[in-house]
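Since the structure comes first, as structure tokens, the remarks are kept for the end.
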Amino acid sequence: MQHCDRTNEAAKIIVELSFIKKECFKGNVKMNLKSLPNFVLAPLVLSTCSVRSIPHAPRPFAKAVNVAPRRIGQSVICSRHFSKFDARRSENATQNEDHGSKSRRSNDPSIFAKMGESAATTFASIFVLGVGFAGAGYLYHKCYKMLVLRKMTRAFEPGDPVLELAAVGKDVPHSHPPGEEHWVRRPEQEHVDRIITGQEVGHYYLILGEKGSGKSSMLIEAMRKIDGDGVAMFEAHADPEIVRIRLGKALDYEFHEDYIGGYFSERGPRDMGALLDIERALNKLEKVAMNLFRVRRKPLVVIVNQMHLLRHDDDGRNLIELFQQRAEQWAAAGLVTMVFNSDDYWVYERLKQLSTRMEVLPVTDLPKQQAVQALQRYRMRYFGEKLSEEQLENVYDRVGGRLSFLNRVAKSHDMLATCESIKDTEKRWLLNQCWIMGSEMDDDVMDQQKWAAAAMVLAHALVEKEDDMANTYDPNQGHVLPSYPFHVAQEIMTRCDFIRDLDSLKLFTITSQADVRASSVPMHRAFREICSQPGFKQHLEDTIERIAAIESLGRTRELVAKDLVLGGQYDIAQERNKFTVNLQMPEEDEEKED
């Protein structure tokens with residue numbers, strides 16, 4: 001079968017070559033070689049000399065294409081015709097290549113098309129990257145906000161470490177026997193417990209009282225009973241930046257300082273000021289309170305302790321106003337109950353201006369019966385000693401019902417000596433701040449002596465009022481310290497701007513009822529000792545007179561005419577519309593020496 005196929009193909013080639021050979025001898029080479037198939041063109045080139053190279057070619061085919069040697073001229077002619085044919089063929093191929101290159105160049109895109117394609121590719125790449133980064137950034141932003149709210153929610157869960165630190169700082173034991181109180185149970189403790197547990201809704205509170213009266217201890221004791229569930233507490237400070245940090249620690253809020261997106265903002269999170277950061281923290285707290293209210297059905301509690309540490313300047317007043325605005329809103333909504341704790345009266349004055357839902361909870365010294373019981377109880381705990389009624393009475397007469405003083409006395413071995421030491425400390429503090437200098441006072445210290453003399457005048461007035469009082473000691477309530485209303489105290493001092501500073505220095509106390517008295521029983525005893533010194537009243541009067549004399553000298557202006565001192569004389573004459581003043585000096589007889 002293969003042999004027959006090859007024979008048929010050879011026959012076809014013989015016919016084609018015979019025709020081409022005739023045309024070559026006739027000189028007709030204007031043939032369209034493109035019309036010939038490839039299997040004909042290849043053998044045609046080889047047939048110019050011989051076709052013996054064709055394998056398995058039949059004999060007639062060899063005779064037909066074989067050129068006899070005696071016909072060399074015709075072969076040459078045939079070869080020449082084939083050389084012309086090859087040249088034209090190469091020329092046509094070159095033309096075809098040129099035409100193809102031109103057509104290819106015409107089909108190539110223009111430079112603008114290439115630029116558009118590059119721009120589209122670049123834009124697509126940037127778009128894909130931008131969408132990827134935007135999606136990742138949005139996801140991170142949402143996750144960060146969710147994490148912030150979750151962390152702040154955990155700050156109000158039971159077992160808050162802030163409560164543990166506050167308890168250690170206030171010397172509160174963490175493990176009490178059931179039903180046992182850390183200190184004496186004050187009448188205000190039950191009310192404070194209801195506030196901290198969230199039972200009191202619709203108000204915010206200011207706990208106002210003297211230093212050492214047990215305000216912070218009551219708050220921490222109430223927190224301990226519920227293990228700090230739903231309560232956050234932090235201490236105020238004079239610097240708003242410190243307040244910001246402490247608030248963030250209590251709420252477990254970082255003020256976006258760990259937020260990666262802050263790197264791409266113009267201003268950092270800490271460049272906005274403390275008040276703006278505190279406002280952001282309170283905004284987050286509001287969201288957390290709304291979420292927890294659906295579960296707890298009672299408000300959260302935020303305690304700001306030692307509010308009096310804030311400076312009485314613009315920054316301090318603005319911070320108090322910020323807290324109060326939030327306290328008013330949250331009290332009306334029942335979301336958060338804010339509790340402010342302060343020793344100084346000026347905080348109450350500031351809050352009073354804008355308050356509608358504020359309640360004041362005054363905390364004073366313990367009554368006599370409770371103070372004696374507390375002293376007996378803790379003396380037994382520290383030393384295992386049971387005191388007699390006389391000993392308890394002597395201690396109370398000297399230090400009163402101030403819890404901080406009772407604690408110091410109960411821990412000491414010699415209680416009466418400790419009582420005298422407390423009184424001497426208060427006395428030295430008063431003299432260091434307010435002692436008067438008498439008639440020999442220098443005029444450079446007049447401003448300070450005005451302040452000291454006003455304090456001593458008020459102390460002397462309180463001691464004198466005690467002598468006029470019918471009852472200064474109640475068998476059940478204990479000491480009844482003399483006091484004056486706030487406006488009367490200002491009238492006695494003849495100044496209205498000193499008394500608040502005296503309250504801040506713990507020399508005098510302005511109560512929640514706006515009464516002015518000594519800051520404690522030991523301080524009032526110091527008043528009595530100072531005012532009973534021989535010559536004190538005259539010394540005070542001399543100081544006041546010296547202050548008046550210095551002020552008088554400051555208000556007096558002297559005019560000295562040196563011409564009159566030298567013997568001159570002024571001649572004043574009045575004319576129609578004016579006065580004429582002439583100076584006449586005495587004539588001097590000068591003797592000239594020869």
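Candidates are the residues of the range 410-430 that are assigned to a helix (DSSP H, G or I) and over 16 Å from H524 (Cα atoms); the one that is least open to solvent (accessible area, probe 1.4 Å) is A410. Report yes if some residue within the range 431-445 is open to solvent by less than 40 Å² (accessible area, probe 1.4 Å), at pLDDT 90 or above and in contact with a Phe, Trp or Tyr (Cβ under 7 Å, 6 or more places away or on another chain); otherwise report no. No: zero hits.
Looking at I572, I530, I547, just one residue is under 30 Å from M441 (Cα atoms) and at pLDDT below 90, and that residue is I547.
Cβ-Cβ below 7 Å, separation at least six or inter-chain, first residue in the range 296-313 and touching a residue at least 60 places away in the same chain (Cβ under 8 Å), second polar (S, T, N, Q) and open to solvent by 10 Å² or more (accessible area, probe 1.4 Å): which pairs? Sorted first by the residue in the range 296-313, then by its partner, the pairs are N305/S216. Checked against (1) of a type in the set (D, E); (2) open to solvent by 30 Å² or more (accessible area, probe 1.4 Å); (3) at pLDDT 85 or above, D193 meets all criteria but (2).
When each of I492, I550 is tested for being among the β-branched types (V, I, T), open to solvent by 40 Å² or more (accessible area, probe 1.4 Å) and in a helix (DSSP H, G or I), the lone residue that passes is I492. Condition test on H460, is it within 15 Å of I544 (Cα to Cα) and touching a residue at least 60 places away in the same chain (Cβ under 8 Å)? The answer is yes for H460. Within the range 123-152, residues that are on the phi < 0 side of the Ramachandran plot reach no partner that is outside any helix (DSSP H, G or I) and polar (S, T, N, Q) with beta carbons closer than 8 Å at six or more positions or on different chains.
Restricting the range 495-508 to residues that are farther than 13 Å from L462 by Cα and touching a strand residue (DSSP E or B) at 6+ places or on another chain (Cβ under 9 Å), the residue that is surrounded by the most Cβ atoms within 10 Å (Cβ to Cβ) is L502. For R408, the conditions (1) basic (K, R); (2) in contact with a Ser or Thr (Cβ under 9 Å, 6 or more places away or on another chain); (3) over 22 Å from E529 (Cβ atoms) are fulfilled apart from (3). Scanning the range 468-498 for residues that are at negative phi and touching a residue at least 60 places away in the same chain (Cβ under 8 Å) turns up D474, P475, N476, Q477, H479.
Residues are listed down the side, and each one gets a yes or a no for (1) modelled with pLDDT under 90; (2) touching a strand residue (DSSP E or B) at 6+ places or on another chain (Cβ under 6 Å):
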| site | (1), (2) |
| --- | --- |
| G214 | yes, no |
| M223 | yes, yes |
| I226 | yes, no |
| D229 | yes, no |
| H237 | no, no |
| P240 | no, no |
| V243 | no, no |
| E254 | yes, no |
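Residue count for the range 89-140 satisfying the condition of being modelled with pLDDT under 75 and in a helix (DSSP H, G or I): 19. If the condition is being closer than 15 Å to L219 by Cα and without any contact (Cβ under 8 Å) to a residue 40 or more places away in the chain, then the range 332-356 contributes no residue at all. Restricting G202, G212, G228, G198 to those that are in a loop (DSSP other than H, G, I, E, B) and crowded, with 22+ Cβ neighbours inside 10 Å reduces the list to G228. Taking the numbered list (1) charged (D, E, K, R); (2) assigned to a loop (DSSP other than H, G, I, E, B); (3) without any contact (Cβ under 8 Å) to a residue 24 or more places away in the chain in turn, K465 passes all entries but (2).
The values are calculated or read from the model by the stated rules, or taken from the named source; none is laboratory data. All figures in this text were calculated on a predicted structure; none of them were measured in a lab. Heads up, the Cβs are rebuilt from the backbone with ideal geometry, glycines too, and the neighbour counts pull from every protein chain shown. Calculation scope for accessible area: heavy atoms of the full protein, side chains included, ligands and nucleic acids excluded. Shrake-Rupley method; radii C 1.70, N 1.55, O 1.52, S 1.80 Å.
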